[in-house]
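Enquirer: This is the structure, below, for whatever I ask next.
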Amino acid sequence: MTTIADLFTKYNCTNCQDDIQGIRVHCPECDNFDLCLQCFAAGAEIGAHQNNHPYQFMDTGTTILSVFRGKGAWTAREEIRLLDAIEQYGFGNWEDISKHIETKSAEDAKEEYVNKFVNGTIGRHTWTPAQSQRPTLVDHTSEDAGPLGAAALQRLPPLDITTEEATQLGYMPNRDSFEREYDPTAEQLISTLSLNADDTEADYLLKLAHVDLYTRRLRERVRRKRLVRDYQLVSNFFRNRNYSQYPSMTREQKEFRDRFRVFSQFYTANEYERLLGSLEREKELRIRLSELCRYRYNGLTKITECRHFEQHAAVATGRSTGPYGHGKTLPCIISTANGERLNGCIRQCLTTGQYATQHWKSSAAKLFLALPSTQQPKTRGVKRKRNKFKFHRTKQHAPHRRPDLLRRIIAQQKLLG
């Protein structure tokens, strides 16, 4: 059986000492005895070899020995040279592969390899299982998934500016870059760097430090460009649209947004607007909560009573109510039938006006009118400073202002006593 080593071994005729090109005749009884076809036909006998010894026709891979059958089949030597050339020059360099084979053209080499080793029987039984058994590579690097990462940058809208404005800024829309970028001197850190054979370890570390500094400055440049593109700062600069989309914004809201603008670099435009909206809503809810606590402290239990209270309080004090009736709580002065003026709050809406009949049966109103007045009658010609009543939330240590807490304290004392 012919081996791969035999394909590249040169054989000489033992009788005439010429190189054997093609088929040779081998004697199995004599050691290393090969004859060419001419000497075998002449019946040459040398030494112990006799012409009546058994013989074998051997092929060196250049004539009839082929791996694949069919018309125009390549010899074994050509197939081996084809595989060696592909391993040496790589797939696709058919010109160099053809020169290595010496007997085939570049088109023949490509066709033979594709038909026999890729799409043929060998390719179907080697490439497909190897590809299915190939390990799957997992990317363990952390992506820039922040609010201004690469994925978020792809979703950012383009700059809303005209061609003339882009020309003034030196902005190139197709490249999404400016003619003069932020920190233009950052490239000077690495423009003169080069690796030399005589560099020491300290030189390498110094150059790596320069590259690290350049990378940080480059990241800062990209971050600022993303902010400009996300918040549309360029279009706002040209059109002065800082608050044009908020025509009903109050001065307090504008001041609040100006103070909070420093935190916009950590959010996208949508996230930043949602955050500001949430904070403004929280402020409104806190105001509303304080108003409801004030109403509850004054004995109000229904929303309609709160509205009437604010209306009468505004009429009595000459002030206008803000959102949710917010404002500093001022005392409302009511009068009794004998003309005596009493200090009070919501009792005005319970005793006077068009709601007197509706709320007169209220136990709170009856209790309030039954209380004696502690205010001294006014003396004409003497200006007296009015007392300022300031209402707070109910204190936890005042059980007389919270009947439910007083009842719990009494029940606990009975259990302990």
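Enquirer: Excluding Tyr89 itself, calculate the net charge of residues whose Cβ lies under 12 Å from the Cβ of Tyr89, where each Lys or Arg counts +1 and each Asp or Glu counts -1. Please report the intermediate quantities before stating the final value.
Expert: On the way: positive: Arg81, Lys99; negative: Asp84, Glu87, Glu95, Asp96.
That sum, taken over residues with Cβ under 12 Å, equals -2.
Enquirer: How do the peptides 197-208, 275-286 rank, highest first, by the average count of neighbouring beta carbon atoms within 10 Å per residue? Intermediate results must be reported in sequence, preceding the final value.
Expert: Working: 197-208: 9.8, 275-286: 12.2.
The peptides rank, most packed first, as 275-286, 197-208.
Enquirer: Quantify how much of the Cα-Cα distance distribution of the range 201-301 extends past 19 Å, in percent. Spell out each step's value before the answer.
Expert: Values: 3219 of 5050 pairs.
Counting pairs separated by more than 19 Å, the tail of P(r) holds 64 percent.
Throughout, read-outs are computed from the coordinates displayed, never taken from laboratory work. As the structure is a computational prediction, the values presented were derived from the model and not from experiment. As a convention, Cβ positions derive from the backbone with ideal geometry for all residues, glycine included, and neighbour counts pool all protein chains shown.
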